[in-house]
1. Averaging sequence separations of C-alpha pairs under 8 Å and six or more residues apart, then dividing by the length of region 81-154, give the relative contact order as a whole percent.
2. Take the solvent-accessible surface of the protein heavy atoms, probe 1.4 Å, and return the percent of it on region 63-181 that carbon and sulfur atoms account for.
3. Taking the Cβ of residue 71 as the center, what net charge do the other residues with Cβ under 11 Å away carry, scoring Lys and Arg +1 and Asp and Glu -1?
4. Just in region 94-166: which GluC sites (Glu not before Pro) are loop by DSSP and have at most 14 other Cβ atoms within 10 Å?
5. How much net charge surrounds residue 207 when only the other residues with a Cβ under 10 Å from the Cβ of residue 207 are counted, with Lys and Arg +1 and Asp and Glu -1?
6. Taking the Cα centre of region 59-139 as the origin, how large is its charge dipole in debye, to the nearest 20, when only Lys and Arg (+1) and Asp and Glu (-1) carry charge on their Cβ atoms?
7. Leaving out ligands and nucleic acids, note down the accessible area per residue over region 122-195 with a 1.4 angstrom probe, in whole Å².
8. How much length, in nm to one decimal, is gained on full extension between residue 67 and residue 168, taken as 0.36 nm per residue of separation minus their Cα-Cα distance?
Amino acid sequence: MPILLLFTLVGDKLRKLPDLPGSSMIKLVLPILTVLLFQGDFAHAAIISTLDFSDATTWSVTLTESNGSVQNNSSVTGGSILADEGSSGGANAGVRITVDLVGSISTAGFENISLSFFGLAGGGLEYDADLETTVSDSDGLRILGSGVDVNANSLNSINNTDAEDDFDAGTVFPSPNLASDFVFDSSVGDSVITDLTFVLQVNVGQETLQVSSVQILGDAVAVPEPGCCFAFGVLCAGGVITSLRKRKSETA
């Protein structure tokens with residue numbers, strides 16, 4: 001809620017309160033404390049986690065080829081996933097690397113969770129693989145999981161586009177040139193991510209596709225400032241004490 005609107009609503013409610021002993025101070029200061037209380041402490045677009053695909057307890061890596069004569073040099077190294085075919089392997093040649101999340105990624109204390117990565121391609125990819133059926137003579141990239149759906153394949157061709165130029169030059173994504181969803185469902189906020197898959201595929205030895213420096217980002221969940229909570233408690237206590245003293249003097 002915008003701070004100005006919150007201040008207005010609180011002030012309106014307080015003006016309607018009866019004039020009880022000690023209430024004047026509360027009516028004056030409470031709106032200000034309310035604004036400070038709800039401002040909290042935010043850290044926008046913080047890095048929650050930088051992924052390490054070499055961790056076998058968290059990630060499962062599968063290499064798949066179109067036929068037995070294809071040399072699949074694809075690999076994971078720390079935070080990098082590389083699709084690389086070592087030989088053409090004849091007709092219908094292609095290699096695929098699939099990296100699945102088998103563990104979990106904590107997002108505790110964060111909301112508005114999103115994904116970013118550095119993407120680099122070499123050799124002139126066609127981005128024509130569907131990545132859902134068996135490996136074929138085609139290229140592509142897809143990242144899926146809990147609302148994230150990044151496509152650079154036959155489902156969302158980027159041939160002869162600025163997005164293809166981004167991959168060829170090496171770019172940090174999300175990029176405005178790649179129309180994909182890099183944002184997770186709200187259900188994984190302040191919780192855990194358990195569904196995330198990376199699929200990379202190339203079809204000739206001179207082509208490579210790499211995803212690296214993959215990060216999970218989020219906004220820190222609002223936390224009320226301790227000083228505001230303390231001030232609010234002191235203010236309320238002061239109002240009660242003033243009220244009790246007033247009643248005592250009236251009955252004396």
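The values are calculated or read from the model by the stated rules, or taken from the named source; none is laboratory data. Note that the structure is a prediction, hence the values are computed from the model and not measured. Glycine also receives a Cβ, built like all others from the backbone with ideal geometry; neighbour counts cover every protein chain displayed. All accessible areas refer to the heavy atoms of the entire protein, side chains included, with ligands and DNA or RNA removed. Shrake-Rupley method; radii C 1.70, N 1.55, O 1.52, S 1.80 Å.
1. Reported as a whole number, the value is 26 percent.
2. 47
3. Local charge sum for residue 71: -3.
4. Within region 94-166, the qualifying GluC sites (Glu not before Pro) (loop, at most 14 other Cβ atoms within 10 Å) are 132.
5. Residues near residue 207 contribute -4 overall.
6. Using only the charged Cβ atoms, the result is roughly 300 debye.
7. That works out to 45 Å² for each residue.
8. Using 0.36 nm per residue and subtracting the Cα-Cα distance, I get 33.6 nm.
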